[in-house]
Amino acid sequence: MEYFSGEGFIVHAYADSARNRVHILGRLSNGRSFAASKNVPILFVYIRPDQAQCATALFLQERLPITLEETPFILFDGSACLQLASGTDRNVARGTKLLQQNSIEVFGADMKSAAVFLIRNGIRGGISLSGEWRAGQGVDMVFPNPEITAVHAARATLSVMSLDIETGEPSGHIRAVGLSQGKASSRSRALLFAGLWNRTEAPDTNITVYADERTLLVNLVLKIREMDPDIITGWNVIDFDFPRLAAAFNRHRIPFALGRSLEAGRFFPAENASSFDDSKTKRSASVFLPGRQVLDALRLVRTGYESFDSYTLDAVARDVLGRGKTVQSTNTDKLAELERLYTYDPLTFCRYCLNDADLVLDILDKRELIRHTVERAALTGSGIDKAWTSVASFERVYAAGLYARGIIEPNAESGRSVSGAAGGTVLDPVAGIFSNVAVFDFRSLYPSIMRTFNIDPFSYECARISSSSENSGDLIRAPNGAAFVRQGGILPSLIAQYFTERIAAIDRGDDAAAYVYKILMNSFYGVLGSPKCRYARTEIAGAITSFGKMCLHFARDFFRGKGFRVLYGDTDSVFVEMVGEAASYDAYAAELNESLSVYIMQMYRLESFIGIRFEKLYTRFFIPRVRLHGKDETTEELERGRAKGYAGLIVASDGSSEVEIKGMEAARSDYTPLARRFQRELLRVLFIDKDTFGVEAYIKEQTEALYAGKLDAELVFKKKLGRVPESYTASTPPHIKVARALGWKNRRGTVEFLITVNGPEAVSQLHSAIDYAWYASSQLLPTARSAGTAAGFDADAIILSVSSDGQLELGL
């Protein structure tokens, strides 16, 4: 054997408890793949000392060679504990089950063994690895029992492969598998095709033709092993491609060995799912491939900072890359076209499949989503596959913090009632159109509150224990009544570290790392209010929001004291009308921060890490009036604005302007393209024209164009079915009516339809005239009416005057 010493990054770590061994596989910094096995005890289980006698008797009775040893660790509530000790992890596992069956509480049993090993060695992803090695079959280098230590800065360039399958419907048999790997400039591609190649053109060099599905699957195993990716991805690959692949391997009795070892992989369907179309699941589907990770590109895109009207591969690719699928038909038309290509033009069929695989890699590369994922995994230690799972990431970093203090994490309690505290504070919005509205934003408000007031599960537990002691008067008490000790919080120290590292990332221009730090810190509040998290408590989440309310009210009162009108506030932002003010907004933010720091020191004897900043200025700003129906409107009600929805005009230094819209029709994908464009353009006219003439003219012009049929292309609704059509029994929304008319059964997808005089009809089966009056009343009128109420004109009269029959279906 040869000796090696170097650095690398863990792709996959999992345990073999039967042999006291943890397997670690990944990629070295020199580009070679590796597999290492560590022979170590990896099960650590504890009980309370007062249960020792009963536990020992049970072990003797069952002849289990287990002893109880003293340990320097303490339980989460501060009490002492004893550790179960034996020669093998298998015995410890048997002893744990025996204790639980006899109602003896054990601690640490629900921690995954590999995670315990990594936590106890401070490993989060990057490692230094040294020892003897030999060549492997599924990897380049195999280390039987090396030395492994944590190196937090270590990284390796991970190999990413995109996989896309094409199936025959409704059988689900695999007809083709497209594989694409690497950057666009040096990409490796392969297409495995099953069926008859009945065309004169020969397949290109990327395509291999096999006689049947079984032969394709056997060669797919070999091809993936040859290309040796660390990460396999694809669009909806976990919910579509892998369950069908797993079923095909099972159908032919072929080992599902797409990983790096001879051990077969496994597909885990979503919990409680009876079919691929069942959306009522408690847990997402997942894939286990030894030595590799499967990341769903669709899920990664949803975690990003960018949102899309549609999350189909074609729609996202066109938004991000400017190009899309080579077959652009949808639903039944698409299936028919692919069936035709498979039979009569297999070369185009194969290139369609390969193009889909390419698109996924290009989207992930352009948005740096794989890099974001690896950075977050390296930061939390949760593993690449769990990097964006908030609870798993939080529990991993928190467990590491507890271990560093010699504390055993608490057990996850099933059935515990935890509710996220009330949402962020909202200051009553004032309806109307305003000028010079400054937005002041508390930066990372909730993490800053946790850091300032030592809000932390362990701090809360310590305060709960000491609440009856003589030191209880020195606790930090939140406005909601929750108490925390002044020292020892794990989260505040983590947040302080993340703040420092995020600033360093910003300074060096590393936007990916800065984004990861921001998202991770902001996720802490949500986790502490989630029943899925073992550390969550309603009181802790409520403490954070109650301090947030205090800060928002403090900012409101500060600006009112300066003589300004606060038009709106939501969670961490205040909108202040500052007519006639010079550009001194930053000075106001600095003065407010100083005042808040003094207040917190006086009231709580704590240093404040909470800071507000001037974010932006709307030269024109609009808050629509809340919609009131069936009641007399008082002056106060006429001024009441609609929360969570506003628009503003921002003018850049070069004179260019941009309309920003939040929470209104133009920002929502469930409205037609017409409604979104109409609102955006109407608001631009409203903001720029000081009188209402231009607005009224624009409304009339657009209504006339609607009735003339000039806007038909913007009237199409695109709705995705969240459930199969058969599951809708209580009500039948328009898109479900359309899906049923199309003959859809036990399937989901996106339907495209129009509202006609006979109700909703699919674009592909349009038989009736478009109901322009319906579109005028439901897509144009709400926006026009909101603007008219603020600007003082009668939008109903304008639109009504254009309607073909002199009436509208108002209120729809």
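The values are calculated or read from the model by the stated rules, or taken from the named source; none is laboratory data. This one's a predicted model, so the numbers in the text were calculated from it and none came from an experiment. In this analysis, Cβ positions are derived from the backbone assuming ideal geometry, glycine residues included, and neighbour counts consider all displayed protein chains. Protein only, heavy atoms only, side chains kept; ligands, DNA and RNA dropped before computing areas. Shrake-Rupley method; radii C 1.70, N 1.55, O 1.52, S 1.80 Å.
Some points to look at:
- Cα gyration tensor category, rounded, prolate or oblate, for segment 514-628 with a/c compared to 1.5: prolate
- Scanning residues 5 or more positions from HIS173 or on other chains, those with amide H under 5 Å from its amide H are GLY168, with H placed 1.01 Å from N in the peptide plane.
- Among beta bridges identified by DSSP and lying wholly in the chain, the antiparallel ones come to about 85 percent.
- Think of it as helices only: each DSSP H run of n ≥ 4 in the chain is worth -39500 (n - 2.57), and spread over all residues that comes to -11500 deg cm²/dmol at 222 nm.
- Value of relative contact order over segment 416-543, rounded to a whole percent, pairs C-alpha under 8 Å and six or more apart: 36 percent
- The candidates ILE224, ILE688, arranged from most to least accessible area with a 1.4 Å probe in the full protein assembly, appear as ILE688, ILE224.
- Phi angles across segment 747-755 convert, under the Karplus curve 6.51 cos²θ - 1.76 cosθ + 1.60 with θ = phi - 60°, into 3J(HN,Hα) values of 8, 10, x, 10, 9, 10, 8, 10, 8 Hz, Gly and Pro given as x.
- Spread of Cα-to-Cα distances over 10 Å intervals beginning at zero, given as percent, for segment 284-414: 10, 30, 28, 18, 9, 4, 1
- Amide hydrogen proximity for VAL45: with H placed 1.01 Å from N in the peptide plane, the residues at 5 or more positions away or on another chain lying under 5 Å are LEU84.
- Anisotropy class of the chain from Cα gyration tensor, a/c 1.5 cut: oblate
- Of SER595, SER186, the residue with the largest accessible area leads and the full order is SER186, SER595 (1.4 Å probe).
- Solvent exposure of THR303, expressed as accessible area, is near 40 Å², computed with a probe of 1.4 Å over the protein chains only.
- Segment 311-369 versus segment 81-157: alpha-carbon centroid distance in Å: 42 Å
- Residue ranking by accessible heavy-atom surface, 1.4 Å probe, largest first, among MET664, MET1 comes out as MET1, MET664.
- Protection-proxy order for peptides 171-177, 555-561, 291-297, each taking the mean of Cβ atoms within 10 Å per residue, highest first: 291-297, 171-177, 555-561
- Scalar couplings 3J(HN,Hα) for segment 353-365, obtained by applying the Karplus form with A = 6.51, B = -1.76, C = 1.60 to θ = phi - 60°, are 5, 5, 4, 4, 5, 5, 4, 4, 4, 5, 5, 4, 5 Hz; x denotes Gly and Pro.
- The chain - percent relative contact order, Cα under 8 Å, separation 6 or more: 9 percent
- Built amide H within the under 5 Å cut-off of THR571, gap 5+: THR425, VAL426, LEU427
- Charge dipole of the chain about the Cα centre (unit charges at C-beta), most positive-ward option of ALA543, GLY563, GLY108: GLY108
- Segment 60-78 and segment 34-57: distance between their alpha carbon centers, rounded to Å: 7 Å
- Taking all protein chains into account, the per residue accessible area for segment 29-154 stands at 49 Å² (1.4 Å probe).
- With θ taken as phi - 60° and the Karplus curve 6.51 cos²θ - 1.76 cosθ + 1.60 applied, the whole-hertz 3J(HN,Hα) list for segment 593-601 is 4, 5, 5, 5, 4, 5, 4, 5, 5 Hz, x standing for glycine and proline.
- Three principal axis lengths of segment 682-740 [C-alpha, angstrom, descending]: 52, 25, 16
- Global geometry of segment 692-812, whether rounded, prolate or oblate, following the gyration tensor of its Cα atoms and the 1.5 cut on a/c: prolate
- Highest mean packing comes first when the peptides 735-747, 21-33 are listed by Cβ atoms within 10 Å, giving 21-33, 735-747.
- Cβ-placed point charges (K, R +1; D, E -1), dipole of the chain about Cα centre in debye, nearest 20: 1860 debye
- Relative contact order (%) - segment 94-232, alpha-carbon pairs under 8 angstrom, separation at least six: 17 percent
- Top positive-direction residue, dipole computed over the chain with Cβ charges, set THR205, VAL757, LEU217: LEU217
- Solvent-accessible area of VAL426 with every protein chain in place, 1.4 Å probe, in Å² to the nearest 10: 60 Å²
- Full extension of the chain segment joining ALA652 with PHE308 gains 121.3 nm, where the gain is 0.36 nm per residue of separation less the Cα-Cα distance.
- Each Lys and Arg adds +1 at its Cβ and each Asp and Glu adds -1 at its Cβ; summed about the Cα centre, segment 66-198 shows a dipole of about 500 debye.
- Sequence-distant lysines (8 or more away, or on other chains) whose Cα lies within less than 29 Å of LYS745: LYS280, LYS282, LYS325, LYS334, LYS718, LYS719, LYS720, LYS737
- Cα centroid separation - segment 197-215 against segment 553-574, whole Å: 68 Å
- Segment 150-277 - charge dipole about Cα centre, Lys and Arg +1 at Cβ, Asp and Glu -1, debye rounded to 20: 360 debye
- Charge-dipole axis of the chain as Lys and Arg at +1 and Asp and Glu at -1 on Cβ define it, positive-most pick from CYS81, GLY31, ILE66: ILE66
- Percent accessible area from carbon and sulfur atoms, segment 305-391, protein chains only, probe 1.4 Å: 45 percent
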